[in-house]
Amino acid sequence: MLIRSCCISTRRWRRKSGGWTKAALSQRKAQGVQLGNRTNAAYAAALGRKAATEEADRFAANVVPIVEAIRASGIATFAGTADALNARGIRSARGGRWHVSVVENLLARSTA
């Protein structure tokens, strides 16, 4: 019962705070303020992509030796590798569990 009421009040709070944000942004826009960064969006996007790629490369460099050790132990499939990484408690780049596609993408990155 307590959990349900907490969920309901959280939902209400999100709805209210979303309304407050929308109202505040509308007010600023009515005052003539330009919202967002319109001067260097392409440059900022390029910097973001570069940072994400570098972080992914660093993560792959740390995890690929573990994957190679798992594969050397006789596990040859992506599914088996994902299961072994999950069993060892190693988290994926975003902190989640390993799946076949994540292992496949990691190995594709390391060979590229």
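Considering region 80-98 alone, what residues qualify as being over 13 Å from I70 (Cβ atoms) and in contact (Cβ under 8 Å) with a residue 24 or more places away in the chain?
At the first step, the residues of region 80-98 found to be over 13 Å from I70 (Cβ atoms) are 89, 91-97.
The answer is A93, and nothing else.
Assess whether N62 counts as being modelled with pLDDT of 90 or more, of a type in the set (S, T, N, Q) and out of contact with any Lys or Arg (no Cβ under 7 Å at 6 or more places or on another chain). Talk me through it step by step, then tell me what you get.
Numbers: modelled with pLDDT of 90 or more: yes; of a type in the set (S, T, N, Q): yes; out of contact with any Lys or Arg (no Cβ under 7 Å at 6 or more places or on another chain): yes.
Answer is yes for this residue.
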* To do: Determine, yes or no, whether A72 is farther than 20 Å from E54 by Cα, surrounded by 11 or more Cβ atoms within 10 Å (Cβ to Cβ) and not basic (K, R).
  => no
* Name the residue, out of A52, A24, that is among the hydrophobic types (A, V, I, L, M, F, W, C) and under 22 Å from T111 (Cβ atoms). => A52
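The values are calculated or read from the model by the stated rules, or taken from the named source; none is laboratory data. In this text the structure is predicted, and so the values were computed from the model without any measurement. Note that each Cβ is placed from the backbone with ideal geometry, even for glycine, and that neighbours are counted across all protein chains shown.
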